[in-house]
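Shown next, in structure tokens, is the structure this report addresses.
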């Protein structure tokens, strides 16, 4: 990751699947990451309001448990 990059989101195709990846700088805490992601989503909804209008009312999914680091 570039030294100036705080958060990077990549969506790609691999083996017939669409995969997303979120990279976050080490100095960005969970609260900051949530804020940046909220702002990104708000920006997308401003840019393409039809995307948010069509999907926000019917989105269903699961969120896995957060990754837990092993204590040394």
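Here residue 50 passes the criteria (1) out of contact with any strand residue (DSSP E or B) (no Cβ under 9 Å at 6 or more places or on another chain); (2) under 23 Å from residue 1 (Cβ atoms) except the one numbered (2).
Quick grid of which residues meet (1) touching a strand residue (DSSP E or B) at 6+ places or on another chain (Cβ under 8 Å); (2) modelled with pLDDT of 90 or more; (3) part of a helix (DSSP H, G or I):
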site	(1), (2), (3)
3	no, no, no
12	yes, yes, no
28	yes, yes, no
54	no, no, yes
61	no, no, no
64	no, no, no
68	no, no, no
72	no, no, no
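Contact map, the stretch 21-46: residues that are surrounded by fewer than 13 Cβ atoms within 10 Å (Cβ to Cβ) paired with residues that are assigned to a helix (DSSP H, G or I), Cβ distance under 7 Å, separation 6+ or inter-chain. Pairs shown: 44/51.
Checking the stretch 34-46 against the condition returns no match, with no residue being in a loop (DSSP other than H, G, I, E, B) and at pLDDT 85 or above.
Would it be correct to say that residue 20 is modelled with pLDDT of 85 or more and not in a strand (DSSP E or B)? No: the conditions fail for residue 20.
The values are calculated or read from the model by the stated rules, or taken from the named source; none is laboratory data. Because the structure is a prediction, the values reported are computed rather than measured. Positions of Cβ are backbone-derived with ideal geometry, glycine not excepted, and every protein chain shown enters the neighbour counts.
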